[in-house]
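J.: I'd like to ask some things about the structure below.
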Amino acid sequence: MSIRLFEGFKFKQKATLLHRMDPRPKFLIALTIFMLSLIFANFVVLLVLFISQLPLVYVSKSMRRWFGSMKGGVVLAAMIFIMNFLTGSTLVFSATMTLRFIVLVSAFSMFFMTTSPDDLGLALEKARLPYTLSFTFTTAVRLVPTIALEAQTIVDAQRSRGLELDRGSLIQRVRKYVPILIPLIVSAIRRSTELAEALESRAFGAVKNRQPLATLQMKPLDWAAAAIALAVLAAGIYVQIYVPIPSFDNGIRMPTLWGVPPGS
Amino acid sequence: MNMIEVKDLHFAYEDKEVLRDIDLTISDGEFVAIMGENGAGKTTLVKHFNGLLKPARGEVLIDGISTRKSTVAHLSRNVGLVFQNPDHQLFSETVFEEVAFSMRNLGYPEETIRKRVKFILETLDLGAYAEASPFMLSGGERKRVALASVLVSDPKHIILDEPTIGQDYQQKDRLRNFIIQMNSQGRTVVIVTHDIEFVVDCKPRVILVSKGSILADNSYDSILSDRELVEKASLVSPQIAALMSSLTNLNFSPKILDLYHAKSALEQRFGEIVHKAV
Amino acid sequence: MKVIEARDLTFTYAGSSKPAIENVNLAVDRGEFVLLTGPSGCGKTTLARCLNALIPSFYQGEISGTMSVLGRDMSRLTTSELARKVGFVFQNPENQLFSLSVERDVAFGPENLGLPREETRRRVDWAMKITGISELREAAPYELSGGQQQRAAIAAVLAMKPEIMVLDEPTSFLDPLSASQIVEAVAALRREIDITIVLIEHRLDLASKYASRIIVMDQGRVTLEGPPSKVYGEEAKLLGIGIPKISMLFNLLRKDGFDLGRTPVTVEEASQRIRSYLEHD
């Protein structure tokens, strides 16, 4: 699993339409795409679903990282394909399952890339999640770059003492991470003590009803997007039930490839 | 024999240029302070000296060999880089193990390691703590353990990144004496710091770095007594220099940085007055 | 009116055999700027922690003697309760900024106090203006320089409108220019609002000029106390404290028989004294 998969879920502040939207309709869009991908097991429909995201990704100026997230998930995708195919599914069906996975990853990747963790936290609060939980979430996100930098510094410091992480047998290499992990953990413990002190000093948890300065407000665009998403979902359900869609499956199975006639 | 040669070094991080047009040479046995504000690029620069970073453009040669052709492990035999925060290094069960780490990585025989570790612990006043857990020591003691763990293999060239942060007056005094001692024993010493008074007391050659390039490279007294230069580098003038430069119209030399030189200069002038009165 | 009063205060951290502070007597008036210093391990951080009840509510141990802040007995209070009276700025800016934008961090304290939105808004705008970081409103804390981060931390504490602000080596990780700007900003607060400052610092050359009083500690006890000028003149008792070089200079001159009067704490003062001494004759 490549690091690019994680890059595709990292938020970057940009001034696009999608970035400005309230997180809730955006989540609804991602959820709609996901549910449609579950409702339909048709390769062409899924392909259409996948392609329909492209204009949204383009508007959010995150094309490169979006594709990167899918490239990063290639291993998983390949595994899904192989598992399906080797257990008797047709070629097209296996490809469809793989595509479903890709659609899922891409939909949520787009959501996370355009939604700030702060807004996510606010949305969680609005959803009546206890403040302490949403705070834990946003603080964790806030600490990610800090801890990543620290991990890099620790690696640098230990390499400067002759530690070579890229040499040796598998077991040796795993053991070499001890001098990286221990300082990281000790530092995390120290950091959490300091954070706790600071939290106490700022009266964290003193009062049950907080009035956050920042609020989420649904604007016309947000309502419109939510409405469209729901309409599309409803339409999709209708189509699946009432409208027959041709299957594009050509029936090629693994046994077929090996010369065994289909159906035997 | 030149220890560190940097030629036309350029380095960028995430599309942002961090170092630009760096040319410098540090000879064997020199004592150099690399100074500048936070974010000027000092730490980035010294990370090139042991190969942690490789130049995007230009070259860094250590003892004549390009860092591009070497590994950090190999370079760290001769270049010891002591990081700012000791807690980024400490991981062992005992101080002894901690200090022995680098020599074990470099493949030294156990007997040699034992002798050297014992020696460096004694030198840094840590002999009593050999079997103690490094995590149980005080902040100052942990800093000395981190220092010991890099110096144990007796590298020819030592780089200290911000060694004075969080240190009190006595600790800095001890540190300064230790650095001067190491230098007098023939080792090249490079300190990265923004602590001006500490540099004044150490009296090294100073390389002033600002916004990714070298502003000046000269003796400490030429640079630190130059008010304009110090301001340009976003540093603060040493107190004695500031005092002396405020008295230039009374014919005092603005180049006096040392406390005792200032005292002598003042006392000489006071003495003249007394003589005049008599 | 004494805003801080400690009598025979002694505290030993749990698991430790020696007291970290011993028989400390302290009295601070409203509006003072107190500088607290001493070698590493002298107990200054321990004493500071007593000021906002981190000791004994967060750090456990044995406490004896009395400590009262704004007339209230500290042994009965928690840090959270005291948060709106005593603000604390810590050494490491990274671990006291929690949010993904400066504005939200500054709002954090008032929000925790349950204040209405408009009041929080007012306080946030005021705190950011007074610390000069209004244009950093939307910035993420980890994108800021050390000096900017500490300003944000100070603003975040100010937004709670404390009467006392304690700062524990806030300039540790800052370069000299940022450090002097922070100390200056803290001192300037006293011109704008009614606040008492307790600053723990090693870098006496930066902080001395603003302090009305300096307290020197060593091995858990208070060894010297008084206006910086007087304390820096007591050279024999100053082992291990890095007093400003110009103060040292005057002590050396005095020892050699040249008494230029009160020990200066700033370069300007020193310069003036030398001038008048020379022009006198």
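The values are calculated or read from the model by the stated rules, or taken from the named source; none is laboratory data. Everything numeric in this text was worked out from a predicted model, so none of it was measured. Note: ideal-geometry Cβ built from the backbone for every residue, glycine included; neighbour counts use all protein chains shown.
J.: Out of the residues in segment C:69-101 that are buried (at least 18 other Cβ atoms within 10 Å of the Cβ) and assigned to a strand (DSSP E or B), state the one that is farthest from the other protein chains (Cβ to nearest Cβ).
T.: For segment C:69-101, the residue satisfying everything is C:Val69.
J.: Would you point out the residue of segment C:131-190, among those that are of a type in the set (Asp, Glu) and in contact with a strand residue (DSSP E or B) (Cβ under 7 Å, 6 or more places away or on another chain), that is farthest from the other protein chains (Cβ to nearest Cβ)?
T.: Here the residue is C:Glu163.
J.: Scanning segment B:154-171 for residues that are acidic (Asp, Glu) and either more than 8 Å from chain C (Cβ to nearest Cβ) or assigned to a strand (DSSP E or B) (or both), which turns out nearest to B:Asn78 (Cα to Cα)?
T.: Top of the filtered list is B:Asp154.
J.: C:Ile241 is checked against (1) within 11 Å of another protein chain (Cβ to nearest Cβ); (2) in contact with a Ser or Thr (Cβ under 8 Å, 6 or more places away or on another chain); (3) modelled with pLDDT of 90 or more and fails just one. What number does that condition carry?
T.: Going through (1) within 11 Å of another protein chain (Cβ to nearest Cβ); (2) in contact with a Ser or Thr (Cβ under 8 Å, 6 or more places away or on another chain); (3) modelled with pLDDT of 90 or more one by one, C:Ile241 breaks only (3).
J.: Oh, and also: Mind checking which pairs have a first residue in segment B:74-94 that is of a type in the set (Phe, Trp, Tyr) and a second that is assigned to a loop (DSSP other than H, G, I, E, B), Cβ under 9 Å, 6 or more apart or different chains?
T.: Final answer for the pair search is B:Phe83/A:Ser160; B:Phe83/B:Gln89; B:Phe83/B:Glu162.
J.: Tell me which residues, restricted to segment C:263-277, are at pLDDT below 90 and either in contact with a helix residue (DSSP H, G or I) (Cβ under 6 Å, 6 or more places away or on another chain) or more than 10 Å from chain B (Cβ to nearest Cβ) (or both).
T.: Answer for segment C:263-277, where residues must be at pLDDT below 90 and either in contact with a helix residue (DSSP H, G or I) (Cβ under 6 Å, 6 or more places away or on another chain) or more than 10 Å from chain B (Cβ to nearest Cβ) (or both): just C:Ser276.
J.: Tell me, which residue of segment C:131-160 that is under 20 Å from A:Ile147 (Cα atoms) and in contact (Cβ under 8 Å) with a residue 60 or more places away in the chain is surrounded by the most Cβ atoms within 10 Å (Cβ to Cβ)?
T.: C:Gln150
J.: Is it true that some residue in segment B:58-69 is in contact with a Pro (Cβ under 9 Å, 6 or more places away or on another chain) and in a helix (DSSP H, G or I)? Spell out the reasoning first.
T.: Narrowing segment B:58-69 to residues in contact with a Pro (Cβ under 9 Å, 6 or more places away or on another chain): B:67-68.
Subsequent filtering for residues that are in a helix (DSSP H, G or I) retains B:67-68.
Checked against the condition, which is being in contact with a Pro (Cβ under 9 Å, 6 or more places away or on another chain) and in a helix (DSSP H, G or I), segment B:58-69 yields at least one hit.
J.: Can I ask one more? Helices (runs of 4 or more DSSP H) wholly in segment A:41-115 with at least 2 residues that are among the hydroxyl-bearing types (Ser, Thr, Tyr) - which ones? Let's see the steps before the verdict.
T.: Numbers: elements: A:43-52, A:54-59, A:63-72, A:74-86, A:91-114.
The qualifying helices (runs of 4 or more DSSP H) are A:91-114.
J.: Confirm whether B:Glu111 is without any contact (Cβ under 8 Å) to a residue 12 or more places away in the chain and either assigned to a helix (DSSP H, G or I) or of a type in the set (Ser, Thr, Tyr) (or both).
T.: So B:Glu111 fits the description; yes.
J.: Right, here's the next one. What is the residue count in segment B:112-143 for residues that are of a type outside the set (Gly, Ala, Ser), within 14 Å of chain C (Cβ to nearest Cβ) and farther than 15 Å from B:Glu98 by Cβ?
T.: Residues in segment B:112-143 being of a type outside the set (Gly, Ala, Ser), within 14 Å of chain C (Cβ to nearest Cβ) and farther than 15 Å from B:Glu98 by Cβ: 0 in total.
J.: While we're on this one: Collect the residues in segment C:1-44 that are closer than 22 Å to C:Gly87 by Cα, surrounded by fewer than 20 Cβ atoms within 10 Å (Cβ to Cβ) and either among the aliphatic types (A, V, I, L, M) or within 14 Å of chain B (Cβ to nearest Cβ) (or both), keeping them in residue-number order.
T.: Those that are closer than 22 Å to C:Gly87 by Cα, surrounded by fewer than 20 Cβ atoms within 10 Å (Cβ to Cβ) and either among the aliphatic types (A, V, I, L, M) or within 14 Å of chain B (Cβ to nearest Cβ) (or both): C:Met1, C:Ala27.
J.: Answer with yes or no whether C:Gly114 is in a loop (DSSP other than H, G, I, E, B), more than 19 Å from A:Arg142 (Cβ to Cβ) and at the interface with chain A (Cβ under 8 Å from one of its Cβ atoms).
T.: Against the criterion (in a loop (DSSP other than H, G, I, E, B), more than 19 Å from A:Arg142 (Cβ to Cβ) and at the interface with chain A (Cβ under 8 Å from one of its Cβ atoms)), C:Gly114 qualifies.
J.: So, one more: Taking B:His74 and the conditions (1) under 23 Å from B:Gly140 (Cβ atoms); (2) modelled with pLDDT under 95; (3) more than 8 Å from every other protein chain (Cβ to nearest Cβ); (4) not in a loop (DSSP other than H, G, I, E, B), which numbered condition does it fall short on, given that it satisfies the others?
T.: Result: B:His74 fails condition (1) only.
J.: List, please: which pairs have Cβ atoms under 6 Å, are six or more places apart or on different chains, and start with a residue in segment A:69-92 that is touching a residue at least 60 places away in the same chain (Cβ under 8 Å) and end with one that is outside any helix (DSSP H, G or I) and among the acidic types (Asp, Glu)?
T.: Partner pairs satisfying both residue conditions: A:Thr90/A:Asp249; A:Val92/A:Asp249.
J.: Name the single residue, out of those in segment B:77-92 being at the interface with chain A (Cβ under 10 Å from one of its Cβ atoms) and part of a loop (DSSP other than H, G, I, E, B), that is surrounded by the fewest Cβ atoms within 10 Å (Cβ to Cβ).
T.: Applying the first criterion (at the interface with chain A (Cβ under 10 Å from one of its Cβ atoms)) to segment B:77-92 yields B:77, B:79-92.
Next, only the ones that are part of a loop (DSSP other than H, G, I, E, B) stay: B:77, B:83-85, B:89-92.
Details: B:Arg77: 16, B:Phe83: 24, B:Gln84: 20, B:Asn85: 20, B:Gln89: 27, B:Leu90: 23, B:Phe91: 22, B:Ser92: 20.
Among residues in segment B:77-92 that are at the interface with chain A (Cβ under 10 Å from one of its Cβ atoms) and part of a loop (DSSP other than H, G, I, E, B), the one surrounded by the fewest Cβ atoms within 10 Å (Cβ to Cβ) is B:Arg77.
J.: Only one of (1) in contact with a helix residue (DSSP H, G or I) (Cβ under 7 Å, 6 or more places away or on another chain); (2) not assigned by TED's automatic domain parsing to the domain that holds A:Asp249 fails for A:Phe108. Which number is that?
T.: Result: A:Phe108 fails condition (2) only.
J.: Collect the residues in segment B:2-55 that are among the small types (Gly, Ala, Ser) and in a strand (DSSP E or B), keeping them in residue-number order.
T.: To start, the set of residues in segment B:2-55 that are among the small types (Gly, Ala, Ser) comprises B:12, B:27, B:29, B:33, B:36, B:39-41, B:51.
Within segment B:2-55, B:Ala12, B:Ser27, B:Ala33 meet the criteria.
J.: From the list B:Leu61, B:Leu45, exactly one residue is hydrophobic (A, V, I, L, M, F, W, C), surrounded by fewer than 22 Cβ atoms within 10 Å (Cβ to Cβ) and either more than 10 Å from chain A (Cβ to nearest Cβ) or in contact with a Lys or Arg (Cβ under 6 Å, 6 or more places away or on another chain) (or both). Which is it?
T.: B:Leu61
J.: State yes or no: is B:Ile240 part of a helix (DSSP H, G or I) and either touching a residue at least 24 places away in the same chain (Cβ under 8 Å) or surrounded by fewer than 17 Cβ atoms within 10 Å (Cβ to Cβ) (or both)?
T.: yes
J.: Just name the residue that is farthest from the other protein chains (Cβ to nearest Cβ) out of those in segment A:166-205 that are of a type in the set (Ser, Thr, Tyr) and assigned to a loop (DSSP other than H, G, I, E, B).
T.: Per the stated criteria, the residue is A:Ser169.
J.: Continuing with the same structure: For segment B:236-269, give me each residue that is within 8 Å of chain C (Cβ to nearest Cβ), over 28 Å from the mean Cα position of the chain (by Cα) and over 27 Å from C:Ile182 (Cα atoms).
T.: Within segment B:236-269, B:Leu247, B:Leu250, B:Leu266, B:Glu267, B:Arg269 qualify.
J.: Next question. Which members of segment A:140-179 meet the condition of being closer than 17 Å to B:Arg104 by Cα, among the polar types (S, T, N, Q) and surrounded by 14 or more Cβ atoms within 10 Å (Cβ to Cβ)?
T.: Passing the criteria: A:Gln158, A:Ser160.
J.: Got a number for residues in segment C:152-197 being modelled with pLDDT of 95 or more and among the polar types (S, T, N, Q)?
T.: Here the count works out to 1.
J.: If we only count helices (runs of 4 or more DSSP H) wholly inside segment C:164-271, which ones have 1 or more residues that are in the same structural domain as C:Ser40 (by TED's automatic domain parsing), over 27 Å from B:Leu224 (Cβ atoms) and within 19 Å of the chain's Cα centre (by Cα)?
T.: Ranges flagged: C:176-192, C:228-233.
J.: Shifting gears a bit: Which of the following residues is under 24 Å from A:Ile147 (Cα atoms) and surrounded by fewer than 23 Cβ atoms within 10 Å (Cβ to Cβ): B:Arg116, B:Arg142?
T.: B:Arg142 is the lone residue from the list that is under 24 Å from A:Ile147 (Cα atoms) and surrounded by fewer than 23 Cβ atoms within 10 Å (Cβ to Cβ).
J.: With C:Ser40, C:Ser75, C:Ser80 as the choices, which residue is farther than 28 Å from A:Phe204 by Cα and either hydrophobic (A, V, I, L, M, F, W, C) or modelled with pLDDT under 95 (or both)?
T.: Going through C:Ser40, C:Ser75, C:Ser80 in turn, the sole match is C:Ser40.
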